[in-house]
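**Q** Here it is: the structure, laid out below.
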Amino acid sequence: MRRQERAIQKLDALLAEGRFPLNSRLPPERQLTEDLGLSRSALREGLEVLEAQGRIWRHVGRGTFVGNRPLDTPARLSVISAQTSPTEMLEVRLLFEPILARLAALRATDADIGHMQHLLERSEAARDPKTWELWDGRLHRMVADGYITAAQARAAEGERFAFWTTSAKRPADAYCAG
């Protein structure tokens, strides 16, 4: 067995133990090499494969973490939202949302459609903008999470965040029923 395969096998076993839940930090490389009986280079090769698979992420100076790298959307989009009007963001939504709706229509099961209908009904029944936004957000995230790739979902979520941060002056009654 090659050293990379051996490292992957040992790292898989470590993650499967459940000692390190999602988003928790793994021990430092020095400790992992001792605990797993691997050389530093073999460990790094194994970590590189797990990172490519999206099972861990690494940050120099911080460590290695379980799961996918968290999105840093607000920091990057603050620049966009500062330079974009609500009207411009609505134009962007008009580009994204028909594509998302088409993908959902093509890929959704009957159960998915029923759940989307429920979320839509809850958003329409909202009596205040915050409640409407929460239900509407769940509906949009369901569509994005279930029917598009991770890259497309990040773009859609970024667009949504930028829209809401640039539309602070939106009229409350325009976004909720009742």
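**Q** Among the residues of the range 61-103 satisfying the criterion of being touching a Gly at 6+ places or on another chain (Cβ under 7 Å) and in a helix (DSSP H, G or I), which is modelled with the lowest pLDDT?
**A** It comes out as Thr73.
**Q** Another question, if that's okay. Which residue is surrounded by the fewest Cβ atoms within 10 Å (Cβ to Cβ), if the candidates are limited to the range 48-60 and must be of a type in the set (A, V, I, L, M) and not in a strand (DSSP E or B)?
**A** Once the filter is applied, the top-ranked residue is Val60.
**Q** Does Ser24 qualify as being over 30 Å from His140 (Cβ atoms) and surrounded by fewer than 16 Cβ atoms within 10 Å (Cβ to Cβ)?
**A** no
Residue-wise test of (1) modelled with pLDDT of 60 or more; (2) in the same structural domain as Ile99 (by TED's automatic domain parsing); (3) more than 18 Å from the chain's Cα centre (by Cα).
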{"residue": "Glu124", "(1), (2), (3)": "yes, yes, yes"}
{"residue": "Thr131", "(1), (2), (3)": "yes, yes, yes"}
{"residue": "Ala151", "(1), (2), (3)": "no, yes, no"}
{"residue": "Arg154", "(1), (2), (3)": "no, yes, no"}
{"residue": "Phe161", "(1), (2), (3)": "no, yes, no"}
{"residue": "Trp164", "(1), (2), (3)": "no, yes, no"}
{"residue": "Lys169", "(1), (2), (3)": "no, yes, yes"}
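**Q** If you don't mind, there's one more thing I want to ask. Give all pairs with beta carbons closer than 6 Å in which a residue from the range 27-43 that is more than 19 Å from Ala16 (Cα to Cα) meets a residue that is assigned to a helix (DSSP H, G or I) and of a type in the set (A, V, I, L, M, F, W, C); count only pairs at least 6 apart in sequence or on separate chains.
**A** As it stands, the answer is Ala42/Ala7, since those pairs meet every condition given.
**Q** Quick one: count up the residues across the range 1-35 that are of a type in the set (S, T, N, Q) and assigned to a loop (DSSP other than H, G, I, E, B).
**A** So the answer is 2.
The values are calculated or read from the model by the stated rules, or taken from the named source; none is laboratory data. A quick note: this is a predicted structure, and the numbers were derived from the prediction, not measured. Using ideal geometry, Cβ is built from the backbone for each residue, glycine included, and neighbour counts are taken over all protein chains shown.
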